[in-house]
Every structure is written in structure tokens, then in C-alpha cells.
């Protein structure tokens, strides 16, 4: 069974993510220190809440260097994805810098936060979306999104006012701006695809 | 996309239905019903906890836990949340969002404290609005029995300023009437805040959902009894909305 370490940096509600991963066949364990990560086949960085407290907590726990050096599959969700970039306009925070680019506030939006289901399209084919139709809906809750990507690829996009990056990948590191753990069947399919990626990398 | 939300009144671990919280009838297991609604295409589930006893509270957390492990769409829990600790307990059990109502009226800073602790995205300001004059609504609590002196539109704007991430707006006049949502109320709150607004109170026919989205500019529409009693199916509501040009998620 694929073993997934879910990083607890104080903000997220771990239980949604661990429940969804277990529903598609993973063994999960929640980690609060880098030592606990030993033995994980894949690493998951969840995130709800604000960027600055999440980033400072990750640094205090010593996860920043673990994440930067991690060679196996790593999945970031929502703020977890945003933390992969260099900077975020939310609280003007420095982030991990695993992916080139910045996180900026959504523009021309009818409402903020962008909360609800939205259609996602794929500019490139990525294994994360295998078996999920173009234009499928996922659940979003956010006011910021990555932009100006360099050395990372936008693998999904969505539109709320303007078009924004809904998922991005750089090699073994991938992240979604939406919440697959709350996105019904499509979300479970995506997590199952990611577990397959983890299993292949073992 | 406009969300269609199914609301379940929960007391002591069971879904109940009554008029003004009286003559309650047992309508089933909340986890079962939540799963059924998710399969039928509900975009979100709301549990309204109407059992305020201390024992009921523990049972509710257990219900949230069981639901979160089986139902993979967003879950909001409202009713009887009074403190930051109450909100933390609900989130830790697996709720995605928590609604606060009476406690926020009593202590508006609770909105700010919860938003700071957990992020605005999970703080839902639940407002029960009673029409008192043309284009004027007063905030009421205790199921509409107690007036607060707060203007509903001003309160929504204040809630947004304090850090709420969504407004759950219930028209007490329309609640249970099946006469349609209060469109004027929705429009007035829409003009005051840029937050997502959930329209509640008055759903009776598919056309009401369309009106709330198109004229009322609601981001989500909520109904309870008409879905439970099978008077309207979520799929047919969504099909009607899509046919009218309201973007909705059509495959669960």
C-alpha cells in the first residue's frame, strides 16, 4: 500500500485530505516533524488559510528544506500549491521557490473569494488528469493563484473573471489550486492518478 | 457556477423536520442522506444543528466525522457555534466551513477571531433577515423570534469587513413558504458585499432557483424540505437552471 505523509502545518483540516486519500487506497499518516517523513512514498502539502502563517510554521518545523530536496512525488493543494512558488502577494510572503513564479490576487473577479465549483481545462496532457474529461468541475476556495510561471508548467486552467492557473507541475512536484478532496468523483480520480504516480516512483 | 446546496436539520444525530423546530419528525441518518444528495448532484451539504444540548453537540461532531469520511463534497456546519473552540472542533471533525449566527450578533469580534485562526474561507456569516419595511430588513435570532436591532444589509457589510468568507442569507419571511427567495433582499446584500452569497428561505419550484441566481445574483441557492420530501429533485432543479442559462455543475 502506498504510504503518504500529510504535512500538518497547523492550518489545514487534515481529515478531509486523509479521508479522501484513504478512500482511493492510500495509507496516510500526518507528520509534524521532518523525521516523521521517513518511509513515505509520497508527500502531501495541504493548505487552507493564509500563506504567511503557513510558511513561517513550515520553516519553524524544518519542512522548508525537506520540501525543497524531496525527490519523490509531492502534491500541494490550494495554499500548498501556492507555497511552491517564489513569492505570494498575500501578506507579501516569501515562499519555497520550488517553482518559478509568483502568487497574485485574482483580477476582474465578480466575487472574492472565488468559492465554488468551476470548470477546468488542460493546456497540456498530464497524468494527473488521466480519465477526467476536459471541462470537468472541481471545487475552489481561494482569492490568489499562481501567475508568470517559469520552470514549471501550467497543466490546468480555469476562469473566474480572468483565467488563472488551476494546476502546475515541475517534474515530481505537482499542485492544484482546487481541492480534489472536496471535488466528488473527479477529485477522487485525480488523487487516485497521483497515487499511481507515487507507486510508479517507488 | 451557481451552487445548489442541500440543507439538513440535525438533532441528536438524526435528520429531523418540523415547522419552526416543533413537531419534529425523523427523516433519517444524516450521513446516508448527505451521501445520497452528493450522488444526486448536490454541490454542497449544510448541516444545521438544532439540538443545542451538550450531549447533542458530541453526537454532532461524530456525525461530521462520519460524513467527512464518506462524502467528498464541501460540508458546512451551522447552529449553536458560540466560540472559537466550537469552530475548531467542527473543523477538526471534518467540516469545511462553519456558520456563525447568534454568537456573531452578540460578539461581532468572533468573526474576526475565527477568520484569523482558521482563515476567512471557512467562516460563514449566517444572517436571518426579517423584512420590516420596503427594502429594509432586520437581523433576527432564535429562529426569527428575537429582533436584534441590526440592519441586515449593514450587518452583512460589517461581517465582510470583519473577515467572513461567505454570507448565508435566510429570509425568515419566506422560510418554509415555498413562495420563492426574497430577490430584493439578495440584491440589496449583493450591492453591499463582494463575498459569495448563499440564498436561503422560500425555495418551492425550480424557477425560484433560477430567479435567485439571475435576478438576485446569488452564488449559491439552498433548500431543505423540498429536497427531503422528494417534491423536487436536485437533478431536475439543475437541469432547469442550465436550460435557463445559469451555469451549474451537471455531473456529480
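Points worth noting:
- Unique match (being touching a strand residue (DSSP E or B) at 6+ places or on another chain (Cβ under 6 Å) and either over 18 Å from residue B:40 (Cα atoms) or surrounded by 15 or more Cβ atoms within 10 Å (Cβ to Cβ) (or both)) among B:223, B:212, B:239: B:212
- Given (1) more than 14 Å from chain A (Cβ to nearest Cβ); (2) modelled with pLDDT under 95; (3) closer than 22 Å to residue B:234 by Cα, number of the condition residue B:55 does not satisfy: (3)
- Residue check, residue A:138 assigned to a loop (DSSP other than H, G, I, E, B) and either away from chain B (no Cβ under 14 Å) or at pLDDT 95 or above (or both): no
- Qualifying residue in the stretch B:81-93 (condition: over 26 Å from residue A:160 (Cα atoms), surrounded by fewer than 22 Cβ atoms within 10 Å (Cβ to Cβ) and in contact with a strand residue (DSSP E or B) (Cβ under 7 Å, 6 or more places away or on another chain)): no
- Applying the criterion of being within 14 Å of chain A (Cβ to nearest Cβ) and part of a helix (DSSP H, G or I) to the residues of the stretch B:191-214, the residue that is farthest from residue B:239 (Cα to Cα) is B:192.
- From the list B:103, B:157, B:90, B:112, the one residue that fits, being farther than 14 Å from residue B:78 by Cβ and without any contact (Cβ under 8 Å) to a residue 40 or more places away in the chain, is B:157.
- Yes/no for residue A:10 being more than 23 Å from residue B:160 (Cβ to Cβ), in a loop (DSSP other than H, G, I, E, B) and touching a residue at least 60 places away in the same chain (Cβ under 8 Å): no
Each row is one residue, and each column tells you yes or no for (1) closer than 14 Å to residue A:80 by Cβ; (2) crowded, with 18+ Cβ neighbours inside 10 Å.
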| residue | (1), (2) |
| --- | --- |
| A:94 | no, no |
| A:103 | yes, yes |
| A:130 | no, no |
| A:137 | no, yes |
| A:156 | no, yes |
| A:167 | yes, yes |
| A:178 | yes, yes |
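- Residue match in the stretch B:155-167 (condition: in a strand (DSSP E or B) and surrounded by 18 or more Cβ atoms within 10 Å (Cβ to Cβ)): yes
- Qualifying positions in the stretch A:146-184 - within 14 Å of another protein chain (Cβ to nearest Cβ) and either modelled with pLDDT under 95 or over 24 Å from residue A:42 (Cβ atoms) (or both): A:158, A:159, A:160, A:161
- Residue in the stretch B:181-190 that is under 23 Å from residue B:9 (Cα atoms), in a loop (DSSP other than H, G, I, E, B), touching a residue at least 60 places away in the same chain (Cβ under 8 Å) and within 18 Å of the chain's Cα centre (by Cα) present: no
So that you can scan it fast, the table gives a plain yes or no per residue for (1) within 14 Å of chain A (Cβ to nearest Cβ); (2) over 20 Å from residue A:180 (Cα atoms); (3) modelled with pLDDT under 95; (4) in a loop (DSSP other than H, G, I, E, B):
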| site | (1), (2), (3), (4) |
| --- | --- |
| B:85 | no, yes, yes, no |
| B:104 | no, yes, no, no |
| B:124 | yes, yes, no, no |
| B:131 | no, yes, no, no |
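The values are calculated or read from the model by the stated rules, or taken from the named source; none is laboratory data. On a predicted model such as this, the values are computed, not experimentally measured, just so you know. All Cβ positions, glycine included, derive from the backbone under ideal geometry; neighbour counts span all protein chains shown.
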